Amino acid sequence: KKRKLLRISHLEVYQNDKMKDEQIVAEIMERRFFPDHIAYKTWEGFHFAGHEIRITEATDCYGAVVWPSALVLSYYLETHSKQCNLVDKNVIEIGAGTGLVSIVASLLGAFVTATDLPELLGNLQYNILQNTKHKCKHQPCVKELSWGIDLEKNFPRSSCHFDYIMAADVVYHHPFLDELLLTFDHLCKNDTVILWAMKFRLEKENRFVDRFQTLFDLEMISNFPSLNIALYKAMRKGRMKARPSKLKI
């Protein structure tokens, strides 16, 4: 009888978690809207931080499309703006792509450095300028960052201090996972908080999480099984206990 009750209890927890997941994912996806007429540029619209954000996309490369992980992280930043207060904080986004997360962080009061590969900077700069000009406390900047390359030259440890490192969907089938880990390591100080939304795909990419944990303490602060996306908070080894987190979605 006890085993039967335990199975029922586990089933109820699973059903409740599944329902909560579906409800929040539906709310996140409702933030997205599309133009009601044909535009000369392909764009998607989003509602975050009290603003209508229009993101120009391109279909010729991964970095110029808004992926669901960016929506998950943007939603988290907005709905946890009191616990995760970004006002006057120094934030860097790696692999910023179209710039949605950087734009939302800027609208929430952060001083943001949005980074990506040189071929993506034009579209990234355009989106950030169109959606933040005269709307933000601090105008964000766009900077080239090729993972693992010229890190000390472009982001010297002595002068670059970031309160937050943000990353959405930076782990996928690419050959630069070693360089990505090196970049996290270089940019992260003892009190830096990493907020990282990851979509789980293939085993090789999934193993990156284990490698990441050799350098950082990692806490899953939200999980969306229906999207196969997890949202993590991370800090340097041993620093998470000194700065406990109760941030959950």
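Brief remarks on what is shown
- Across segment 169-207, the residues whose backbone nitrogen lies under 15 Å from the label position 7 Å along the beta-carbon direction of Leu215 are 170-171, 176-196.
- Sorted largest first, the principal axis extents computed over the alpha-carbon atoms of segment 108-249 equal 38, 35, 34 Å.
- The helix-based estimate of mean residue ellipticity at 222 nm for the chain, built from -39,500 (n - 2.57) per DSSP H run of four or more residues and divided by its residue count, is -10000 deg cm²/dmol to the nearest 500.
- Kyte-Doolittle at least -1.0, axis length at least 30 Å by Cα - qualifying DSSP helices, the chain: 2-29
- Between Thr98, Thr79, Thr132, the residue with the greatest mean-square fluctuation in the GNM of the chain (Cα pairs under 10 Å linked by springs) is Thr79.
- Total lysine pairs under 27 Å (Cα atoms) in segment 62-187, excluding pairs fewer than 8 apart on one chain: 11
- Ordered from largest to smallest accessible area (heavy atoms of protein chains, 1.4 Å probe), the residues Ser102, Ser159 come out as Ser159, Ser102.
- Take every DSSP beta bridge whose two residues both sit in the chain; close to 55 percent of them are antiparallel.
- Apportionment of accessible area to carbon and sulfur, the chain, percent (1.4 Å): 54 percent
- Per residue, in Å², the accessible surface of the chain once ligands and nucleic acids are set aside, probe 1.4 Å: 52 Å²
- In this label model, Leu117 and Lys133 are separated by 2.8 nm, measuring between points 7 Å along each Cα→Cβ vector.
- A full extension of the chain between Ser158 and Cys141 corresponds to an added length of 4.1 nm, given 0.36 nm per residue minus the alpha carbon distance.
- Tyr76, Tyr126, reordered so the largest accessible area comes first (probe 1.4 Å): Tyr126, Tyr76
- Most mobile of Ile94, Ile128, Ile149 in a GNM of the chain (Cα contacts under 10 Å): Ile149
- Segment 162-177 and segment 104-139 have Cα centres separated by 18 Å.
- Restricting the trypsin sites (Lys or Arg not before Pro) of segment 122-174 to loop positions (DSSP other than H, G, I, E, B) with no more than 15 neighbouring Cβ atoms within 10 Å leaves Lys133, Lys135, Lys137, Arg157.
- Along its first, second and third principal axes, ordered by size, the chain spans 64, 48, 36 Å in Cα coordinates.
- The mean sequence distance of close C-alpha pairs (under 8 Å, at least 6 residues apart), as a share of the length of the chain, puts its relative contact order at 15 percent.
- Loop trypsin sites (Lys or Arg not before Pro), segment 45-114, which have at most 15 other Cβ atoms in a 10 Å radius of their Cβ (DSSP): Lys82
The values are calculated or read from the model by the stated rules, or taken from the named source; none is laboratory data. All of these numbers come straight from a predicted model, not from anything done at the bench. We place every Cβ from the backbone using ideal geometry, glycine too, and count neighbours over all the protein chains shown. Remember, those area values only see protein heavy atoms, side chains included, never the ligands or the DNA or RNA. Shrake-Rupley method; radii C 1.70, N 1.55, O 1.52, S 1.80 Å.
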